[in-house]
1. May I have the convex hull volume per residue, in Å³, for the Cα set of the stretch 21-116?
2. So if each residue of separation counts as 0.36 nm, and I subtract the Cα-Cα distance between ASN59 and LEU188, what length gain in nm does that give?
3. Give me the angle, in degrees from 0 to 90, between the Cα long axis of helix 230-241 and the longest principal axis of the Cα atoms of the chain, rounded to the nearest 10.
4. Pairs of alpha-carbon atoms within less than 8 angstrom and 6+ residues apart define the contacts here; what relative contact order does the chain have, in percent?
5. Hey, if you drop one equal point scatterer on each alpha-carbon of the chain and run the Debye formula without solvent, what base-10 log of I(q)/I(0) do you get at q = 0.12, 0.13, 0.14 Å⁻¹?
6. Please identify, among THR94, THR253, THR163, the residue showing maximal mean-square fluctuation in a Gaussian network model of the chain using a 10 angstrom Cα cutoff.
7. Using the Cα centre as the reference, give the magnitude of the dipole from point charges on the C-beta atoms of the stretch 71-222 (Lys, Arg: +1; Asp, Glu: -1; all else neutral), rounded to the nearest 20 debye.
8. Simple spin-label model, 7 Å along Cα-to-Cβ: GLU3 to LYS214 in nm?
Amino acid sequence: MDELVNNLQAAFKKRIAKLDWMSDSSKTRAQEKLAAFLKKIGYPSVWKKYDDVTITRDNLFENMRQVAMHDHKEAVAKIGKPVDKTEWGMTPATVNAYYNPTFNEIVFPAGILQFPFFDLGADDAINYCGIGMVIGHEMTHGFDDQGRQYDAQGNLKDWWTKTDGDKFKAKADGVVAQYNSYVVLDSLHVNGALTLGENLADIGGIAIAYDAFKMTKQGQGTEKIDGFTPDQRFFLGFAQVWKLINRPETMRTCITTDPHSPEEYRVNGPLANFDPFYATFGITEKNKLYRKPAERAKIW
Ligand SMILES: [Zn+2]
């Protein structure tokens, strides 16, 4: 995991250096911020104590009350003390990851370091499109519509030139329009503005993960596994990670409240923008995911 995170960081660094829309001064700030990322992987070095919590098998309400009480006491005890940057916002068992702008940190609990995101026994194509993409995704959150407002130390401070900020917004508006066009249920569309930050992270995440994959031996080779080239495995693996089906009722709720796009569009949205996907599967105007080259969003 350390190696994966470092490779993703190296790939992102190269991509920032090559951006054709960002000025050199903003690039310098962006590189400083990327290099300053605090990385938390697996579990904290200091475990939280829950001595004051008693869990019983037959009283859910009381269990919840005790945990809430513990969390409250913990929060109150922080008042007047310096910020503890070693603290984790998720438990090690959580199947999720996050970027926290005020700490400028990326966090990957042990829970997400397992199949289908990560498998020590799998080939690089599978791990780079799985957990690799999640790592790239979290990294770009430091530079999305919200994260970009914080500097390398996690202070709310605008470090962008006006022109760069405007160019970023224009590119982001294109992504809003792209996702607004996706119809999920009868007349219900994805909300492009609500999901913007997550969509930018998905689009950037797969691009950074692909570059990092191309640094590996398998990524540079042509050896097929189960009849698929390394690049085909990379994209198929990406689609498999997000295989999920919701009831229409759940979907209706998610569309109005969840800042993530529905899983289907977390795959189809980014790939429709990504040139190597077109090359890998020979996508043409005849295919449903096709977007004209000029319409394909490229931000990170
Ligand atoms: Zn995210």
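Only the coordinates and a few stated rules stand behind these numbers; no lab work does. Keep in mind the model is a prediction, meaning the values are calculated, not measured. Reconstructed Cβ throughout: ideal geometry from the backbone, glycine too, with neighbour counts over all protein chains shown.
1. Considering the Cα atoms of the stretch 21-116, their hull volume per residue is 167 Å³.
2. Contour length minus the Cα-Cα distance gives 42.4 nm.
3. 40
4. 20
5. -0.87, -1.01, -1.15
6. Per the Cα network of the chain with a 10 Å cutoff, THR253 tops the list.
7. The calculation lands at about 320 debye.
8. 2.1
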